[in-house]
Structure formats: structure tokens, C-alpha cells
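> Quick one: this structure, given as C-alpha cells, is what I'll be asking you about.
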Amino acid sequence: MNNQAEDASPTLHHEGSSTSTSVFSSSTEEDLTHQKIPRNQLTEDQVKKIQEERAQKRQTHRNSLISQGKDPDFPTPDLQFIERPFLHLHHEIAQGSTELTPDSTTCSIQTPPKSLDVKIMTYNTLAQTLIRRNFFPQSGSALKWHKRSKVLVHELKTYKPDIVSLQEVDYNELKFWQENFHKLGFDLTFKRHEGKTHGLLIAWNTEKFQLENEWMLDYDAILAGNAIPARTRTKNIALIASLRLKNISDPPTDGVIVANTHLFWHPFGVFERLRQSYLVLAKIQEIKACPKYNRWHSVLMGDFNTEPEEPPYLAITRKPVTLRGSARIMAECSLAYRYSKKRNGEESGQDDEECDEQSRGEGRFNQPQNPKPKSFTATSEQKGLVDQLVALHNSLHVRGVSLYGLGYGKVQPENSHVSNGEPELSNWANSWCGLLDYIFYIEHSDEQSAHEQNPVVDFENKNNLRIIGYLKMPRAKEMPKHSQPFEGEYASDHVSLMCQLRFLSGGKISSIK
């Protein structure tokens, strides 16, 4: 009994005393006074009463915070974050109301009674096992997991996504994510490469979805086109889940195929990222070609470690793929780089992303030093490999439409690139800042897939959906001079992206034949 009482009672430390605790005790149960009682003299009734009183006090405090419009679970400034507004592309107040269309003209649109709104989020949460203090010299205590984890959950509670893909989820924190997603009404699946300490997670709102099937791609183990192997050991994967709609009669779609990936990080990894992007697109095409998935929408999202002008982005979003100029140079130059013996597995060691190869050259001569050179003289073998991989991409019947690239310029034009429509950044680290994360909607690719006349409307009509809006993305001039994460700002060196889609009943979803 004494052990139980000691474990159950709150510990209150007093200077000069280590054997007693300050509790409420009394000669009568009705009139408790503040006294010190040795822990081994506490009765079960006293412990129970203390617990009840303190629970009531905590609940009173929570109710007070709620009445002030504050989140009682995250009241302190160091656990807050920069909350970004949701920017609406289609403004619908109610069924049959007036809507602001993408071309900024007003018309009356009836909201289909069987439509379904789904918020889709991607977020690189920064694996704790990858953190090195010299990578984040200004972050201070914001790097501590016990703080960052609460802020990450706070974000999810605030933005309320329905489908979430997370990258860099630590395996040893999987129980934390399971418990917290469960509290939010989510279920999840998680996969990692056996050589990595972190992996990929897909979570979904169990009121709307249930898991039907899942697939994991080990990029290192698969030959692209049964011919092109991985050039180095990357330990990168893709996780794909088919989420079937539930509890909806006559649903507008059967479900959503969700692909989550994290492509190879290395500066000279352009060709490998191009290869990995082919592999995940080919797998999605294979899944979508199954008759059972004919009425399913498909998305591919994650951290692609790729900017919009680079070959992997171009190969995902354009059909046919043509690599010219700087994009071609990048791909060919990356083939000239030779990775270390350690990375290629010729030497032992649990190397991990961004932490195992700090120097370039690795003792080899004639290594390229700039991953984006203005010019590069490729060998016939290098040219042939690039041609072969481009041909594989062009053999696919799917393409990715970047949802932010497609319509974000209509909600925040000052933060939308003139050539590709993408926002400025999703990563704000100490050594590099820019856009690396995307949400691609995967559609059937044909000669008419460019959406050139009215891109947003053409895309929506083709795929029987509406883009309702986007989570606002920060601009570079709005960001602080220091890197992230940082207390009261962001909990990762990446920021999350979220797009809300409305799946419509009737019509036809673009499918693979």
C-alpha cells in the first residue's frame, strides 16, 4: 500500500526535506488543512482525495483557458507556432450559394449533395535522430523532442487534415505518433528501410477512410525498366496506401490512393532522384490500372529534395519529358559523381541521410564540384543513361499535377513563381532555403493533359473535383533571419503543405486503361 501511495501521490519538493510531501490532511474528511505528512503514512483514501482535488483544479484551469479562447494543452509561448491561414480558391458558403471561380468571375454553382471535402497534408517533421547541433546552431531548446513533438501535434489539431503524409518519422517515436493520432481520430501505417532510423507515415481520419491495402517500394532494390539499378545505396523508400471511403452511401469516389515518398538527398543525386520518381510513378500506374481502382483519386506527396527547374520535377509534371539546357546538364553531371565506399555499402557502418558524407570527392580525382554547373561535357554512356531514363518516364501513362503549382497563384500571386506557379519555399534551414515539398495529383496523361486554356478549370473538370483552397505558404521576406526550428515559429526545418479538394459525384475520374 505504501508503494502504491508513493507512486500515486504528486511529488512536491521542499528545501531541506526529502522524506515528506506537502499534502492536504485533516482530522476530519470535510476540513483539510495544509500539512506535511511522511509519504509512508499516507492512506489510500488520502491519496485518492488528493488526486481528485488536483484533477478538479486542473479541469478548472482548462475550462478557464478555453473560455479565453486558448488551447489548454499548449498555453505557453514556447509551444506555440506561426499559424498560417487557409486561402480559399472556391468560395462556397452553402449549397446553391454564389461562388468565386478561378478566373475571378462570379457565377451560381450548386454544391453536389454527394460531394466530399478532403484536406490533404504533407510534412517533413525532421527526424530527431538526424539532428546535430552544428546543423541547427540557432535553434536552442526548440530542438528538444519533448517540445517539438507537442508543437507538431498542435499543428495537426489546428489545421485538421483528413489525410497526412509525414516524412522523417523516428522509429523510436512511433508509439508517440500512434497515441496522438489515435486521440485525433486517425489510424496510420508506417514503413522504413531496415537501414534507417526514420521512415514514412500515412495517417487518415477514420470517420472518412479505412485502409484497404498498402505497398512499400525499396528504391535501391528495384531496377528501373528492368535495366537501370541504383547508383548508390540511398535507403530511400515510398509508402503507398489505398484508403477506401466509409460510412457514405453512394460516395462520389471509392477512395484515394496515397503515395508518400522521400527522395535521395545528395546534391549530386539528380539522376538517382529522376530514377526514383520514375519508380514511384510506375507503381502508382500499376495500381491505378487495376479495375478495382477505376473510381479512385490518386495523390503523390512528400519531400522530393528537388526544385521545380530540376529534372525529377519536370519528369513528374510534363509529358512528354524533354530535358534540355541546365536540366540536361544537371542530370548528366550527376552521373559523373562517384559515391564513397561507405555509402555504397563496401564498408560497414550505419550511415544515415545527410549525416554520413560530409566531404565531396571522397579521395577520388576528377570529381565534379558543382551539382549545377553552367556547362558539362558528358560521355556517351552518361548521355545514353539519361536518354534511357527519359524514355522510361515517357512510357508512363500518368503525370503529376502539382496542386500548389496549378492554382496557388490565384490565392497568393505575390508568392507564386511566374513560370511554374509554385510558392517560394517549404524548407528554411541553416545552409539552404527553397522549395522541396509537393502535393501532386496523379492523372492519366495524354496529349491534352497540359491544361493550357484555363488550367484550374480544365483540371477540375477532367478529374471531377474542385480545389477549394490551400494552406498559406510563407515568403522568404517574412521568414526570420535564423533557421528553423525555432521556439514560437516552426517545429521543423520544413513547413507543411495542405490542399483541400472536393470530390464530386457523377462525372468520370481520369483513369488508366
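> Do the conditions hold for R275, that is, is it charged (D, E, K, R) and either buried (at least 24 other Cβ atoms within 10 Å of the Cβ) or not assigned by TED's automatic domain parsing to the domain that holds T197 (or both)?
Numbers: charged (D, E, K, R): yes; either buried (at least 24 other Cβ atoms within 10 Å of the Cβ) or not assigned by TED's automatic domain parsing to the domain that holds T197 (or both): yes.
Yes.
> So which residues in region 117-143 are over 20 Å from the mean Cα position of the chain (by Cα) and surrounded by fewer than 19 Cβ atoms within 10 Å (Cβ to Cβ)? It would help to see each step written out before you state the result.
Taking region 117-143 as the starting set, the residues that turn out to be over 20 Å from the mean Cα position of the chain (by Cα) are 132-141.
R132, R133, N134, F135, P137, Q138, G140, S141 - these are the residues of region 117-143 that are over 20 Å from the mean Cα position of the chain (by Cα) and surrounded by fewer than 19 Cβ atoms within 10 Å (Cβ to Cβ).
> Scanning for something on the phi > 0 side of the Ramachandran plot and free of Cβ contacts under 8 Å to residues at least 60 places away in the same chain, does region 449-457 turn up at least one residue? Write out each step before concluding.
Residues of region 449-457 that are on the phi > 0 side of the Ramachandran plot, as a first pass: 451.
If we keep only those that are free of Cβ contacts under 8 Å to residues at least 60 places away in the same chain too, we end up with 451.
Yes, that holds for at least one residue.
> Further question: What about T197, is it at negative phi and either small (G, A, S) or over 21 Å from the mean Cα position of the chain (by Cα) (or both)? Let's see the steps before the verdict.
Values: at negative phi: yes; either small (G, A, S) or over 21 Å from the mean Cα position of the chain (by Cα) (or both): no.
No: the conditions fail for T197.
> Continuing with the same structure: Would you point out which residue out of I240, I248 is among the hydrophobic types (A, V, I, L, M, F, W, C), assigned by TED's automatic domain parsing to the domain that holds Q388 and surrounded by fewer than 24 Cβ atoms within 10 Å (Cβ to Cβ)?
Numbers: I240 fails: surrounded by fewer than 24 Cβ atoms within 10 Å (Cβ to Cβ).
Within the list I240, I248, the selection yields I248.
> Any idea which residue in region 316-357 is modelled with the lowest pLDDT, counting only those that are under 26 Å from S395 (Cβ atoms) and polar (S, T, N, Q)?
The qualifying residue modelled with the lowest pLDDT is T322.
> Among the residues in region 407-428, are any assigned to a strand (DSSP E or B) and more than 15 Å from P312 (Cα to Cα)?
yes
> Shifting gears a bit: Pairs please, first residue from region 61-81 and within 20 Å of S492 (Cα to Cα) and not assigned by TED's automatic domain parsing to the domain that holds P485, second anywhere and aromatic (F, W, Y) and modelled with pLDDT under 70, Cβ atoms under 9 Å, 6+ apart in sequence or on different chains.
Within 9 Å, the pairs are Q80/F74; F81/F74.
> Let me ask something else. Restricting region 130-187 to residues that are free of Cβ contacts under 8 Å to residues at least 40 places away in the same chain and among the aliphatic types (A, V, I, L, M), which is farthest from S483 (Cα to Cα)?
L184
> Applying the selection to region 49-64, what residues are at pLDDT below 85 and surrounded by 13 or more Cβ atoms within 10 Å (Cβ to Cβ)?
Matches in region 49-64: I50, Q51, R62.
> Here is a follow-up. Could you tell me whether any residue of region 197-211 is surrounded by fewer than 22 Cβ atoms within 10 Å (Cβ to Cβ) and within 23 Å of A429 (Cα to Cα)? Talk me through it step by step, then tell me what you get.
Here is the first cut: in region 197-211, the ones surrounded by fewer than 22 Cβ atoms within 10 Å (Cβ to Cβ) are 197, 205-208, 210-211.
Going one step further and asking which of them are within 23 Å of A429 (Cα to Cα), we end up with 197.
Looking through region 197-211, at least one residue is surrounded by fewer than 22 Cβ atoms within 10 Å (Cβ to Cβ) and within 23 Å of A429 (Cα to Cα).
> Among the numbered criteria (1) farther than 30 Å from F503 by Cα; (2) over 18 Å from the mean Cα position of the chain (by Cα), which one does E207 miss?
All conditions pass for E207, except number (1).
> Kindly indicate whether any position in region 408-425 is in contact with a Cys (Cβ under 9 Å, 6 or more places away or on another chain), farther than 27 Å from E489 by Cβ, modelled with pLDDT of 90 or more and not hydrophobic (A, V, I, L, M, F, W, C).
The answer is no; no qualifying residue exists.
> I would also like to ask the following. When the residues of region 315-342 are filtered to those that are of a type in the set (A, V, I, L, M, F, W, C) and touching a Pro at 6+ places or on another chain (Cβ under 8 Å), which remaining residue is surrounded by the fewest Cβ atoms within 10 Å (Cβ to Cβ)? Give the derivation first.
Kept after step one, since they are of a type in the set (A, V, I, L, M, F, W, C), are these residues of region 315-342: 315-316, 321, 323, 327, 329-331, 333, 335-336.
Checking the rest, the ones that are also touching a Pro at 6+ places or on another chain (Cβ under 8 Å) come to 323, 327, 329-331, 333, 336.
On the way: L323: 22, A327: 22, I329: 20, M330: 23, A331: 28, C333: 22, A336: 17.
Among those that are of a type in the set (A, V, I, L, M, F, W, C) and touching a Pro at 6+ places or on another chain (Cβ under 8 Å), it is A336.
> Within the group G195, G199, G225, which residue is closer than 23 Å to S298 by Cβ and touching a residue at least 60 places away in the same chain (Cβ under 8 Å)? If you could, list the steps in order and put the result at the bottom.
On the way: G195 fails: closer than 23 Å to S298 by Cβ; G199 fails: touching a residue at least 60 places away in the same chain (Cβ under 8 Å).
None of the others qualify; the one that does is G225.
> Of the numbered conditions (1) without any contact (Cβ under 8 Å) to a residue 40 or more places away in the chain; (2) over 21 Å from Y313 (Cβ atoms), R273 fails exactly one; give the number of that condition.
Going through (1) without any contact (Cβ under 8 Å) to a residue 40 or more places away in the chain; (2) over 21 Å from Y313 (Cβ atoms) one by one, R273 breaks only (2).
> Hey, can you tell me all the residues within region 285-316 that are part of a helix (DSSP H, G or I) and either under 20 Å from V256 (Cβ atoms) or more than 26 Å from the chain's Cα centre (by Cα) (or both)? Don't jump to the end; show me each part of the working.
Quick first cut of region 285-316, residues part of a helix (DSSP H, G or I) only: 285-288, 291-293, 311-316.
Of everything in region 285-316, those that are part of a helix (DSSP H, G or I) and either under 20 Å from V256 (Cβ atoms) or more than 26 Å from the chain's Cα centre (by Cα) (or both) turn out to be Q285, E286, I287, K288, P291, K292, Y293, I316.
The values are calculated or read from the model by the stated rules, or taken from the named source; none is laboratory data. All values derive from a computational prediction rather than experimental measurement. Positions of Cβ are backbone-derived with ideal geometry, glycine not excepted, and every protein chain shown enters the neighbour counts.
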